[in-house]
1. Hand me the list of strands (runs of 3 or more DSSP E) wholly inside region 564-656 holding 2 or more residues that are over 26 Å from the mean Cα position of the chain (by Cα).
2. Take the residues of region 92-116 that are in contact with a Ser or Thr (Cβ under 9 Å, 6 or more places away or on another chain) and of a type in the set (G, A, S): which is farthest from V144 (Cα to Cα)?
3. For region 522-537, which positions are surrounded by fewer than 24 Cβ atoms within 10 Å (Cβ to Cβ) and away from the ligand (no atom under 15 Å from the Cβ)?
4. Within region 500-534, which residues are hydrophobic (A, V, I, L, M, F, W, C) and part of a strand (DSSP E or B)?
5. Working only within region 394-404, note down all residues that are more than 13 Å from the ligand (Cβ to nearest atom) and surrounded by fewer than 23 Cβ atoms within 10 Å (Cβ to Cβ).
6. Within region 418-435, work out how many residues are under 26 Å from the mean Cα position of the chain (by Cα), in a loop (DSSP other than H, G, I, E, B) and of a type outside the set (S, T, Y).
7. For region 179-238, which positions are assigned to a loop (DSSP other than H, G, I, E, B), over 30 Å from S471 (Cα atoms) and not aliphatic (A, V, I, L, M)?
8. Any residue in region 47-70 that is basic (K, R) sitting within a Cβ distance under 7 Å of a residue that is surrounded by 10 or more Cβ atoms within 10 Å (Cβ to Cβ)? List the pairs, counting only those 6 or more apart or interchain.
Amino acid sequence: MKKKAIIILLSSTTLGTGSLAAQEYITVSTQNISLALKVSDTKKLEQVYFGNRLKNDEELKAASLPAASAYSTFGGTHTFEAALRAVQSDGNTSTELRYAAHRTEKRDGNIVRTVISLKDAYYALSVDLCYQAYQKENIIEQWVEVTNNQAKGVTLHNFASSDLSFSAADYYVTQFHGNWAEEMNMSQQHLDEGIKIIDSKLGVRSNQFTHPCFLLSLGNPATEDYGEVVGATLAWPGSFQFCFEVDPQKRLRVLSGINPYASSYTLEKGEVFKTPALLYTYSGNGVGEVSRRFHRWGRQYGIKNGSGERSILLNNWEATYFDFDEAKLVQIIDDAAKMGFELFLLDDGWFGSKYPRNSDNAGLGDWHTNTQKLPHGLPFLIEEAHKRGLKFGIWVEPEMVNPQSELYEKHPDWIITQPHREQSLQRNQLLLDLSNPKVQEFVFGVVDKILTENPGIDYVKWDCNRYVTNSGSQYLKPDRQSHLWIDNANGILGVMGKVSAKYPNVCFMACSGGGGRMDYGSMKHFDEFWISDNNDPLQRIFTQWGGQHFFPAIGMASHVSASPNHISGRSTPLKYRFDIAMAAKLGMDMQPVQMTEEEKAFSRNAISVYKQIRPTILYGDLYRLLSPYTHNRTSYMYVSEDKSEAVLFNFLVRKNINGDREAVLLKGLDADKKYRITEINRESDKWSRVSEYEGKTFSGDYLMTVGLRFGMYSEYESVVVRLSVP
Ligand code: GLA
């Protein structure tokens, strides 16, 4: 952790500073929500309210509301899990925090930052609770900074980013979980008395099994449009933990942050431990509003270039895997240009000379072009793409190494492993130790060198195909081994930050064997993420549905791939595959020479339509209508900000012999506007499921009240409808 920096905020406006007396309040508010904190008689900081913003905050003082510690600490009378557990330099295991001061400042027209300083009653240990309130988006970002001012080290064993308390009749938590090729499944459970933990202990690729986000419904399970719900996500690529503890009085405390598992952290004098941020919101209007707030926030603040442009790309991974040469790639580039793609992405297998990367067992770490495969190097391919009007992208996995590589021969000391233990390989590879500054420099250098030597590269797919096991560092001292999990994650975040600062106009995709790295800590430096290696459209319906809860479509790459699908073996129509990919950020992973002329023509048309509807999907508001978890038909729609355009997607999850004629009630339209209905990606000019609506105009009022009714019957059937104000 760093020495404390003195930050001078030239552009901010101070709204309030001071030292409050007992019983005074601090509110952290956005346009629609607020979190109220109170200084108790003994100068402890308590949370007294979190919910919809009141018309008059002053009224919060009228009655005594249930109060809970705003940041609980181990020791004293606290008998539940604690947000902070620190062992002071003399061995005292307790911490007692008291309110010391606070300041609130306007960072700009939209962001208000509040920092509340707490100090231990005896020891020189201070804790700053930092809140950034995004007014328009209604998102609160919260993190904590712990500073040790004692002469000797203080060891932190627990260090939550936030400690939120709730007092409701019942609690239901929805988690997002899965595995490789089936990421982001959703399941909800009732919270009984005791503890429920959602966590990852993987360190890197930490979302392979669990994603760092949750929905918490208060009272009753929230639906899309009704009910009280809190949505939260941790901006951190490493191991995380959400701990939900219901006490005997049925009050719930939620601790969110870095996973404390095996991660005690010692701070020397003057050092500051800064936790990652928890991003959260509260809605009294169901889950849909939570998602739309995160999408707006994500586009504006959470994703690199989050409201910029995105290219429709063709990736050669499923087209060729490692088996390619220049001629094959040029043919793909040529076909891609003819179908209307905007970018060609060269995936794994282009590098390594002593140990050529012809499979996943060698070459990782040796980032120089394999001239046997590509005799004219990258510049030739970049030029071939540019000549045809395509941008060029490249795959890297700079945090990893195969034991069969020149890098490993030179630097066996750079890998994460424990002495006297058998090395553990995943996909034949090892992890580089990003707690080591030399390794950080190397990883930055890999990407930097490729991009400076090839200024024509517009896109980088940054992969990361394994997680941490044998968690030992050959760089960290024996008594600092438990720092590895945190230092490694901060190390990679630092490298990502340096790369994105130097290359703001290059588009970066975060990939991690699919959706293993999907978090707003990384996404600040990435334009999009690869949510899954599984492009099977039926699986994608569920994976994208889960991902949509916290991430906007602009960040979610989705590719059309071959049928039968290489992972699931399922055969599906090209239209179904295109429709689900067009519901996010469209791309393709297919070998064009294996496509029929008919398929190419369909693709050409779909790509040109996508170019027209792209702004609505990438920058619009998402409304979910029918869930694939509860209905056979799943439907959702995007509506442009000015409500003049919308796109409605419908997919059948399974065959329905008698037809599925459920009315689809649209949402988010302007009741007074008239919308013309046009089906897109039609397979036949003569007939379609929505023929009776085709070309007709309906008011937003009708569409939201009576809705559209059309049967869907067949397996792998989809209907996409465009609504435009003529
Ligand atoms: C990972 C990615 C794939 C592909 C391969 C290449 O599995 O998720 O998309 O890039 O690596 O080895």
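The values are calculated or read from the model by the stated rules, or taken from the named source; none is laboratory data. The structure presented is a predicted model; accordingly, all values stated were derived computationally and were not measured. All Cβ positions, even for glycine, are placed from backbone atoms using ideal geometry, and neighbour counts span all protein chains on display.
1. On the way: elements: 585-589, 621-626, 633-639, 645-652.
Output list reads 645-652.
2. S94
3. Selection gives K524, H525.
4. Of all residues in region 500-534, those hydrophobic (A, V, I, L, M, F, W, C) come to 501, 506-511, 518, 523, 526, 529-531.
Matches in region 500-534: C507, F508, M509, A510, F529, W530.
5. Answer for region 394-404, where residues must be more than 13 Å from the ligand (Cβ to nearest atom) and surrounded by fewer than 23 Cβ atoms within 10 Å (Cβ to Cβ): P403, Q404.
6. Let us first name the residues in region 418-435 that are under 26 Å from the mean Cα position of the chain (by Cα), namely 426-427, 429-435.
Then drop every residue that is not in a loop (DSSP other than H, G, I, E, B), which leaves 427, 433-435.
From what's left, of a type outside the set (S, T, Y): 427, 433-434.
Qualifying residue count for the region: 3.
7. Matches in region 179-238: D192, E193, G219, N220, P221, T223, E224, D225, Y226.
8. Close Cβ pairs (under 7 Å, with a partner that is surrounded by 10 or more Cβ atoms within 10 Å (Cβ to Cβ)) amount to R53/S29; R53/N32; R53/I33; R53/S34; K61/Y25.
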